There are 4 protein chains.
Amino acid sequence: MRLLFIGDIIGKPGRRAIELLLPKIIKERNIDFVIANGENSAGGNGITKDVAYDLFNLGVNVITMGNHTWDKKEIFDFIDGEPKLIRPANYPVGTPGRGWGIFTLPNGKKIAVLNYCGRVFMDNLDCPFQSVGRVLEQLKGNCDYVFVDFHGEATSEKVAFGWHLAGRASVVVGTHTHVQTADERILPGGTAYITDVGMTGPRDSVIGVKKELVLKKFITSLPVRFETAAGTLQFCAVITELAEKGKAADIERINLTIEP
Amino acid sequence: MRLLFIGDIIGKPGRRAIELLLPKIIKERNIDFVIANGENSAGGNGITKDVAYDLFNLGVNVITMGNHTWDKKEIFDFIDGEPKLIRPANYPVGTPGRGWGIFTLPNGKKIAVLNYCGRVFMDNLDCPFQSVGRVLEQLKGNCDYVFVDFHGEATSEKVAFGWHLAGRASVVVGTHTHVQTADERILPGGTAYITDVGMTGPRDSVIGVKKELVLKKFITSLPVRFETAAGTLQFCAVITELAEKGKAADIERINLTIEP
Amino acid sequence: MRLLFIGDIIGKPGRRAIELLLPKIIKERNIDFVIANGENSAGGNGITKDVAYDLFNLGVNVITMGNHTWDKKEIFDFIDGEPKLIRPANYPVGTPGRGWGIFTLPNGKKIAVLNYCGRVFMDNLDCPFQSVGRVLEQLKGNCDYVFVDFHGEATSEKVAFGWHLAGRASVVVGTHTHVQTADERILPGGTAYITDVGMTGPRDSVIGVKKELVLKKFITSLPVRFETAAGTLQFCAVITELAEKGKAADIERINLTIEP
Amino acid sequence: MRLLFIGDIIGKPGRRAIELLLPKIIKERNIDFVIANGENSAGGNGITKDVAYDLFNLGVNVITMGNHTWDKKEIFDFIDGEPKLIRPANYPVGTPGRGWGIFTLPNGKKIAVLNYCGRVFMDNLDCPFQSVGRVLEQLKGNCDYVFVDFHGEATSEKVAFGWHLAGRASVVVGTHTHVQTADERILPGGTAYITDVGMTGPRDSVIGVKKELVLKKFITSLPVRFETAAGTLQFCAVITELAEKGKAADIERINLTIEP
Ligand SMILES: [Fe+2]
Ligand SMILES: [Fe+2]
Ligand SMILES: [Fe+2]
Ligand SMILES: [Fe+2]
Ligand SMILES: [Fe+2]
Ligand SMILES: [Fe+2]
Ligand SMILES: [Fe+2]
Ligand SMILES: [Fe+2]
């Protein structure tokens, strides 16, 4: 089974990149299952029902989220009814939506998809290290593979989370920094790992935002309203090959550019 | 002219990697000038005079630093007398050492080497965006190339700094996260850029530290004394090709592993 | 000369407290000059021209600001033309408005009013410790008294700033936390000091905001839109007595409640 | 029943202030029970067994802690055997020591003493708002009064925590900023509240540390080794009067200075 995971999709440019490249990649690379981080897929922040369904229609099987999960208020209207939308599992008990779900792969095997937010330089949530241990206990016997999107800022926390799950999860990918890292590898125990998959959206930008606006902010320290950039698109993803006994056999980085 | 920049060298394992690989790389890849980030080169934090001279003897021409510059107190005894050691330029006026220096390449051309610390999620220093503008003014007419090591945490600040210098510096490399990014490119105007070069030190670690210790810290929230890890070494660097008119023609990532 | 400084005025409830109490206090306590922090005076964030003029009409002579200076965009239209509005002096060179001004007291003496933002747990600005030293140099011989509103979060930075100016400023008051501290005193050298003056606005709130909304935010970690609270008003201020040679002779806390 | 709570005791100067003033205050103010924050009582950071017993011998009945709980390693040797030492309750399950304890007052009534750390601008721990709700459930029927030391940085979080427990705890006091606030009051429902009790230690300092060292740190941005200050002592505390039905009838601030 070959799994494609697409990093943070940024607004309309990100969806355009999906539209242009995803069907082609699924076909050419024999992809069996697609997961994508959608926390910035609607206008650069959050997600709407329409955007989620667009992504599902384009071939995404499961959407994971992050610290921008709740930025579009309408998510509260549909998250409870949409099991293919996974928000960080370390929000407190009682939070709308689900922190993980179990899905069936084309070969009939089951894969659990989990989403976590880091805490270093980020919001105060429940401990992801403690929480994931409890969820893995519950998952025992209920699935064949475990996929985790760890949405974090600090490399120390992300790399540590990878080691925390080495031999316990099939795949651990990082998201949130919007810059792809070059440290993909199979950790001991058969866990495919990368610190950050990078983002899918406008390349000539500051992590998706018009560069002039971000520069103005850094240079003046004055408030600036951010807007999603335009121009050349980049598509950042990883392909992992799932093997026997819940292990991953391979991880490959994808980093494509295309004109919109 | 071919320039090699080596990312954060971590303690004894990092120096061992330099010893094993640097002379070979200089020769095989026709390197003309070597810059290395040494902020973690002594015992994982800071630098000592002996360590600095070891690195110079192994072929490093200039050492840049970062937020760990002052961790080994003896630096105050030798930094003022060592022009090949560059600390972040955005420390306040009156700080020991130099924030930039001008060096002569083998072909007689002059290269300015600058070091900056980011501020997002880091210490309170002077604005690097404002400061670098003033230094570039001073450098006009005094050098042929400008090389900047931007030592930062947040991808937004690092990418923005790259755009800030696009067409004004020859090379802008990021350091500090200890994880190599896969976004190397030549920005418009001929500036070679990468968000993070990654670290040179023990690979099976959490950014250089023994993984068991970092995991204990994240899981328990109790204080843990960190120690540099051992085992397989990684060597992270970039090679840039300097061209006419202060531009860079090419940037290539290096990511090697070797047994100690 | 008796100076009244009023802590962060919060929206309409804060202005109502000013309206109800300020004229009375000026008269009964023989106040000669009134300074007020207005960073939250318009709807809980920022300031507008109308609100500024309302405050001036109610007896405020000078308004200081803080990290919320720019929250209402119209400030960019009038700040350059209004010398009685002082924004933090440690914004970069070229920022609209003024970081300090010199004003004439009823007895003909001159008082400089400065505003600074702290950096610990706050935005990245220029170093207030370095900046204030340079401004004090410029002020030498141009004024009789120096008043500083240090707008900061961390007690360590605020207390340190007080000691930094002990014997060099007449008055150093802290703002921003919206909770009055009980550490008012005359520091050696004749500098009146308090870590935080507290806020003027709705008392039964979380630092001005409806308590139910802030509690929802802390309990759920979900985004919540904040609104200014209503009900019983509190008026937080200090009265300082200016003496000979630029010194302060006395500092007294004011903490009144009144029904709207 | 009259309860005395003493704010963060700072090293030897803090213990000297306790020695000079506590027995006298207990007698003159008819104190029935004494709780003190001891997170800085040994050399400015952490606590040792000897220091804890000194405090118990001087009249302290229960010691609460904070973010510096673990700074002296020997605490791991005695915390499990010392029920009168209470560390923050929102460390993860399995942390040594206790987050709360039930103690008997001289009149035979039972008082629960809880300690929490805030998370805003502080370490990543479990949610104190969620945790305290669960502990209060467990305490139902097992005690007559509930006392909470909330050790936090941000006024918003501390004030919100007070409202969270209004009518559910007898007393909520804040600690950690080392500066006493002037907002003591009885919240609706009979909960005595203050945002910060302030520290007990050397007055002419920056929150306990030699002011010259902290100033050097802020001005130079270089590392500085902190030392506890000397000179005039301050003693910061609150006296609360416990009434019927778990309520507090009164809260009074104590802020004394004495020569060592
Ligand atoms: Fe994102
Ligand atoms: Fe994110
Ligand atoms: Fe480093
Ligand atoms: Fe660093
Ligand atoms: Fe404010
Ligand atoms: Fe503020
Ligand atoms: Fe503390
Ligand atoms: Fe403390």
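The values are calculated or read from the model by the stated rules, or taken from the named source; none is laboratory data. The structure presented is a predicted model; accordingly, all values stated were derived computationally and were not measured. Glycine also receives a Cβ, built like all others from the backbone with ideal geometry; neighbour counts cover every protein chain displayed. Areas reflect the complete protein model, heavy atoms only, side chains present, ligands, DNA and RNA absent. Shrake-Rupley method; radii C 1.70, N 1.55, O 1.52, S 1.80 Å.
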If you take every residue apart from residue A:260 with its C-beta less than 12 Å away from the C-beta of residue A:260, what net charge results, scoring Lys and Arg +1 and Asp and Glu -1?
+1
Sort D:100, B:163 by accessible area with a 1.4 Å probe, largest first.
D:100, B:163
Mind running the shape call on region A:85-212? Use the C-alpha gyration tensor, a ≥ b ≥ c as the square roots of the eigenvalues: rounded below 1.5 for a/c, prolate if a/b tops b/c, oblate otherwise.
prolate
Could you give the spread of the C-alpha atoms of the protein assembly as shown along their three principal axes, from largest to smallest, in whole angstroms?
81, 69, 56
Pop a pseudo-label 7 angstrom from the Cα along the beta-carbon direction at both residue A:76 and residue C:73 and give the gap in nm to one decimal.
2.6 nm
Over chain A, give the accessible area per residue in Å² for a 1.4 Å probe, as an integer.
36 Å²
For C:84-96, mean number of other protein chain Cβ atoms within 10 Å
2
Using alpha carbon centroids, what distance separates region B:1-70 and region C:206-260, in Å?
53 Å
Of all trypsin sites (Lys or Arg not before Pro) in region C:175-253, the ones in DSSP coil with at most 12 other Cβ atoms within 10 Å are C:225
Would you calculate the separation in nanometres between label points at residue B:249 and residue A:256, each defined as 7 Å from the Cα along the Cα-to-beta-carbon direction?
3.1 nm
Straight-line reach from residue C:245: which lysines fall under 16 Å, measuring Cα to Cα and dropping same-chain residues less than 8 apart?
C:109, C:110, C:140
Distant-in-sequence amide H partners of residue A:209 (H built 1.01 Å from N, under 5 Å)
A:229
Quick query: amide H of residue C:178 versus all other amide H atoms, modeled in the peptide plane; which residues come in under 5 Å with a sequence gap of 5 or more or a different chain?
C:198
Around residue D:100: net Lys/Arg minus Asp/Glu count, Cβ-Cβ under 13 Å
+3
Residue-wise HN-Hα coupling along region B:235-243, computed from phi with Karplus coefficients 6.51, -1.76, 1.60 (Hz; x: Gly, Pro)
10, 10, 7, 10, 10, 10, 9, 7, 10
Within a Gaussian network of chain B (alpha carbon springs, distance under 10 Å), most fluctuating of B:173, B:146, B:206:
B:206
Chain B: most fluctuating residue of B:130, B:234, B:180 per GNM, C-alpha cutoff 10 Å
B:130
Under 11 Å, Cβ to Cβ, from residue A:223 - net charge with Lys/Arg +1 and Asp/Glu -1
+3
Between copies, how far apart are the residue B:76 label points? List them in nm, one decimal, shortest first, with each point 7 Å from Cα toward Cβ, please?
3.2, 4.5, 5.5
For region B:1-49, shape from the Cα gyration tensor axes a ≥ b ≥ c, cut at a/c of 1.5 then a/b versus b/c, turns out prolate
Name the residue, out of A:170, A:221, A:205, whose mean-square fluctuation peaks in a Gaussian network model built on chain A with Cα pairs under 10 Å.
A:221
How large is the charge dipole for region D:113-152, taken about the Cα centre, if only the Cβ atoms of Lys, Arg (+1) and Asp, Glu (-1) carry charge, to the nearest 20 debye?
100 debye
Cα gyration tensor shape for region B:66-151, rounded if a/c is under 1.5, else prolate or oblate:
oblate
Can you figure out the FRET efficiency of residue C:24 with residue B:226, using R₀ = 51 Å and their beta-carbon distance, to the nearest 0.05?
0.25
If the limit is 26 Å between Cα atoms, which of C:12/C:211; A:210/D:158; B:217/C:216; C:12/C:73; C:12/C:217; B:217/D:211 go over it?
A:210/D:158; B:217/C:216; B:217/D:211
Rounded to the nearest 500, the 222 nm mean residue ellipticity computed for chain A from DSSP H runs (n ≥ 4, each -39500 (n - 2.57)) alone is -7500 deg cm²/dmol
In Å², nearest 10: area of residue D:54 left accessible to a 1.4 Å probe
80 Å²
Order C:29, A:119 by their accessible area, 1.4 angstrom probe, all chains in place, largest first.
C:29, A:119
Apportionment of accessible area to carbon and sulfur, the protein assembly as shown, percent (1.4 Å)
48 percent
